[in-house]
1. Suppose each label sits 7 Å from its Cα in the direction of the beta carbon; what would the S130-L56 distance come out to in nanometres?
2. Per residue of the stretch 188-194, what does 6.51 cos²θ - 1.76 cosθ + 1.60 with θ = phi - 60° give for ³J(HN,Hα)? Whole Hz please, x for Gly and Pro, Karplus curve as stated.
3. Ignoring ligands, DNA and RNA, what accessible area per residue does the chain give at 1.4 Å, in Å²?
4. Could you state the per residue volume, in Å³, of the convex hull enclosing the Cα atoms of the stretch 99-158?
5. Protein chains only, probe 1.4 Å: how do M63, M242 rank by accessible area, largest first?
6. Just subtract the alpha-carbon distance of M63 and V173 from 0.36 nm times their residue separation and send over the number in nm, one decimal.
7. 7 Å from Cα along Cα→Cβ at both S8 and N137: what's the point-to-point distance in nm?
8. With a Förster radius of 35 Å, plug the Cβ-Cβ distance of V32 and T200 into 1/(1 + (r/R0)^6) and report the FRET value to the nearest 0.05.
Amino acid sequence: MIEWSHFSDTFIGTVSDVLPIVTIIFGFQFAVLRKPVTNLPKVILGFMYVILGLSLFLIGLEMALFPLGETMAVQLTAPEFLQQFRISTSSLDSWKDYYWVYCFAFCIGFSTTVAEPSLIAVAMKANQVSGGSISVNGLRIAVALGVAIGISLGSYRIVVGDPIHYYIIVGYVIVVIQTFYAPKMIVPLAYDSGGVTTSTVTVPLVAALGLGLASTVPGRNPMIDGFGLIAFASLFPIISVMAYAQITRWLNRRSTTEDSENAL
């Protein structure tokens, strides 16, 4: 059960966080635009709903999502669990024995991204602006695959203990190269897709998974190795969305070429 003192502290903290936003919005409305707020009672009620929802969401993170992610990481890296499913012939600390961690990271990255509200909103707007040429589900799946691959690779990095900057540098080199060859209309959307994925649903579970892995894998430091998964979740959707556009363009050109040859 939620203690009233805990809820009240979270609610007060949420109010203090939202207050600057409210001040800026109403300040510009009254001092700069000098116009009244349309449907002011509904706007105030909406802000109250936002504050209440954020408070409950933060409590839910603390009581459910964070412990769930850490618990899953602990269970998947437990020596008795790894011993049952080990595939390496050397030591138990081999990266191959953590394949269930990579599978879980892929699945949790894909599922949380597909359910991300901010990604759904961006995909719907992209579909409207492009006149239907950008599919809502196609974009969501492309972004989700990028996040899933990124988190899996980030989990592998934690297990083996490699420096994170090598992965990030190589990833952005690929992004820069893709930028020159991907369709121009998809490049800005791809860059935005890397940001909308790291939001309310994905970040809590991914952060908890990284910290749980770094806490349980031998020789890892949670402060040094536990963070960084969110960077992978932001980088790889850019690659996957541009790759999705490049593959789609290649398939369309191939189809057009085959139709022309058949016509001849």
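1. Between S130 and L56, the simple spin-label model gives 3.5 nm.
2. These are the phi-based 3J(HN,Hα) values: x, 5, 5, 5, 5, 4, x Hz.
3. Values: 15080 Å² over 264 residues.
Averaged over the residues of the chain, the accessible area is 57 Å².
4. Numbers: hull volume 3.9 nm³, N = 60.
Roughly 66 Å³ of hull volume per residue.
5. Working: M63 100, M242 0 Å².
Correct descending sequence by accessible area is M63, M242.
6. Details: separation 110, 0.36 × 110 = 39.60 nm, distance 3.92 nm.
Full extension of this stretch gives 35.7 nm more.
7. 5.0
8. Numbers: r = 30 Å, r/R0 = 0.87.
It comes to 0.70.
The values are calculated or read from the model by the stated rules, or taken from the named source; none is laboratory data. Quantities reported herein were computed from a predicted structural model and do not represent experimental measurements. Ideal geometry is used to build each Cβ from the backbone, glycine not excepted, and the neighbour counts take in all protein chains shown. All accessible areas refer to the heavy atoms of the entire protein, side chains included, with ligands and DNA or RNA removed. Shrake-Rupley method; radii C 1.70, N 1.55, O 1.52, S 1.80 Å.
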